[in-house]
Amino acid sequence: MSAPAVVAAAAGYVAVCLAAWLLGRSGAGPPPKRTVEIARGVHMPLLANGVDTDHHVWLEAGGRHLDTAFLYGDWKQRAVGAAIASSGLPRGDVFLTTKVMCCPTLRCGGVCEGGTTAPVAVNAATYRNVTAQLEHSLSVLGLPSVDLLLLHFPCARWADTAAAWRALERAHAAGHARAIGVSNFNASLLRRLVKIAAIQPAVNQVGFSIAGHPAEHGGENATRYGCLEGSRLYGADDATLRLATARGITTQAYSPLGAISNVDVLGRREVQRVAAAHSREGGARNWTAAQVAFAWLLQQGMGAVTATTDARHAAEALDAAELRLTRREMRSLSRLR
């Protein structure tokens, strides 16, 4: 080997060693994944857009997961179907989640109240009721199936929850959903469900954010907080996350910036400090508090459902997968309340 080649090889070796030393010193965790396998052969993009009626911006920014629900109404589900149809993307390139409804113990919204205009009554969940909701949703979406079907809430009665889950299992067997899961289930209900389930839930979607696991309101004050999403009652706590992880159930966080839990994640000084520190280190990029909030979820293997029609915010959320928080930063952010 020539002298210049030896020098080049030595320089390369030193660079590799230096990078490894810096990585160990910073304690940076592994890079977040962009997708996760929630069931055999079913890969879910971890970042999704939901609730809004204009999803074109999300798809144009590179987002490939849309989230909707029977509870959101026909007009919002119809908007999701229209966005997929007009995107020019193959159907298999866009991951679609929808949810069927069951009235929880602490009822929420007009669907569970008297006088609702919902196309399918949901005061009690039965196999026939949940199946009718799904059939209606697929008709409105203009699609024969979805990628992920969730039970939006646990029912007021356990017998109804079990009946609803059996309907989801039948929908999966019939090819109407590639994977099935739940939303707003706490650790106790998850344990109970997995004991009777023929198909284990692939996902538990709960309100979860920095400083909002659980929310400060803790499940009280129903008048102010509506359905009480973000509380322990609906699975927004570390105990539920740990159980789901141990069972191989992917946790997906809605309201990742804290609105549902009445937490100002973006205004937290520690979140802003971490964003500023990475902006200084990176030089070319200015990381935002919102990206830190998303990265904190992604590095724990969690998904996140945001809601935006703003191109800048969509790109910001999707770029968060490139941000690597250190282990110390992850611990610091996890301690915030």
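Under the definition of Cα pairs under 8 Å and six or more residues apart, what whole-number percent is the relative contact order of region 44-96?
Once normalised by length, the contact order is 40 percent.
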Subject >> Distance (nanometres) between label positions extended 7 Å along Cα→Cβ at Glu169 and Val51 >> reply: 3.3 nm
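Expressed as a rounded percentage, what relative contact order does region 31-335 have, with Cα pairs under 8 Å and six or more residues apart?
20 percent
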Original post:
Ordering Lys195, Lys99 from largest to smallest accessible area (1.4 angstrom probe), what's the sequence?
Top reply: Lys195, Lys99
**OP:** From largest accessible area down, sort Asp67, Asp93, Asp310; use a 1.4 Å probe on the protein chains.
**Re:** Asp93, Asp310, Asp67
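Please work out how much length the chain gains when fully extended from Arg269 to Arg331, using 0.36 nm per residue of separation minus the C-alpha to C-alpha distance, in nm with one decimal.
The span from Arg269 to Arg331 would gain 20.8 nm if fully extended.
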Original post:
How far apart, in nm, are the 7 Å Cα→Cβ label points at Asp74 and Ser86?
Top reply: 1.9 nm
Subject >> Area of Asp54 that stays accessible when all protein chains are in place (1.4 Å probe, Å², to 10) >> reply: 60 Å²
Subject >> Filtered trypsin sites (Lys or Arg not before Pro), region 143-179: DSSP coil and at most 11 other beta carbons within 10 Å >> reply: none
**OP:** Starting from the Cα of Ala198, step 7 Å along the direction of its Cβ; do the same at Ala311; then give the gap between the two resulting points in nm.
**Re:** 4.9 nm
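Given a 1.4 Å probe and every protein chain left where it sits, what share in percent of the accessible area of region 31-335 is carbon and sulfur?
Its accessible area is 49 percent carbon and sulfur atoms.
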**OP:** When a/c is below 1.5 the answer is rounded, else prolate if a/b is larger than b/c, else oblate, so apply that to region 259-326 with a ≥ b ≥ c taken from the square roots of the Cα gyration tensor eigenvalues.
**Re:** rounded
Original post:
Can you pull the accessible area of Ile260 for me, 1.4 Å probe, Å² to the nearest 10?
Top reply: 60 Å²
**OP:** Please find the FRET efficiency linking Thr245 to Ser279, where r is the Cβ-Cβ separation and R0 is fixed at 45 Å, and quote it to the nearest 0.05.
**Re:** 0.90
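The values are calculated or read from the model by the stated rules, or taken from the named source; none is laboratory data. Computed from a predicted structure; not experimentally measured. Every residue, glycine as well, gets a Cβ built from its backbone with ideal geometry; the counts of neighbours run over all protein chains shown. Surface accessibility is based on the protein's heavy atoms, side chains included, excluding ligands, DNA and RNA. Shrake-Rupley method; radii C 1.70, N 1.55, O 1.52, S 1.80 Å.
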